[in-house]
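Notes follow once the structure below has been shown.
Values quoted throughout were computed directly from the atomic coordinates according to the rules given, and no laboratory measurement underlies them. What you see is a predicted model, and the numbers here were worked out from it, not measured in a lab.
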Amino acid sequence: MGAINVPTRERPGCITALAILYWVSGAFYVIGGIVTGVLFMADGGDTAIWGLLLMFCFGLFAFFPIGLGIGLWQMKKWAWWVMVVLQGIGLLGTLGNLCLITVAENITSAIITVISSLVSGAINGGIFYWFYMHQGLFEPSYFRDKEGKVFVRPVEGKDSGLAVAILVGAVAIMCLIPIVVIAVLTLMGPQIGNVFSQIIIDLEG
C-alpha cells in the first residue's frame, strides 16, 4: 500500500520567528549558566556549590523559553494560552507603570515613563491581538483517509517564513553576543571576584 499523502497545516512565518527567538533566549540562559557556574567552581571549595546552584537556576530559566518555542513551532493550543496570558500580564504591567507618573520626581521622568509604557503596551497589545484573532490556527485539525482512519494534520511552515525566521534569529544572536561577552568579562574581573569572595566570607561567618 502506497504512502498516505497527508495534508498539512500551515505555520505563519511570524510564529516561526517567535519560536526561534524563544529558543535563542533559552540557549543564552544555558550558556550564561554554564559560564557562571564554571567561574564559581574554578575557585573550588564552597564556591563550587554556588556554581552548581547557579547552573541549576539558569537551567530552570532556560526550560520555559525553550519549551514555549517548541509549543509555538508545533502550534499547540497550550502555547497559545501561555502567550495570551503573558501578553495580558504585560498589559497590566504597562498600566501599573503609567500609575507611577503620579510619583514621578520631575517632568523628564514622567515623559520617559509614558513613552516606555506606550511602546511596551503597543508591543504587548499587538501580540495579544494577533493571537486572539488567530486562535483557530492553534486548534488541532484532523482528516480522514479513504479507509476511515483519522489522522492529525502535521504543521508545516512556508519556506519564506522560515527564511525570515532564520534572519530574525541571526540578528537576535548578533545583538545578544556582545551582551554575553561583556557579562563574562565582568564576572572574570578581579574586582567582582573580590566582591563574591567577601560575600562567601560573610556567609561563612
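5 Å is the cut-off here: which amide hydrogens, built 1.01 Å from N in the peptide plane, fall below it relative to GLU10, excluding neighbours closer than 5 in sequence?
When sequence neighbours closer than 5 places are left aside, the close amide H contacts are GLU156.
When the Karplus curve 6.51 cos²θ - 1.76 cosθ + 1.60 is applied with θ = phi - 60°, which whole-Hz ³J(HN,Hα) does each residue of the stretch 85-91 get, with x for Gly and Pro?
Residue by residue, the stretch 85-91 yields 5, 4, 5, x, 5, x, 5 Hz.
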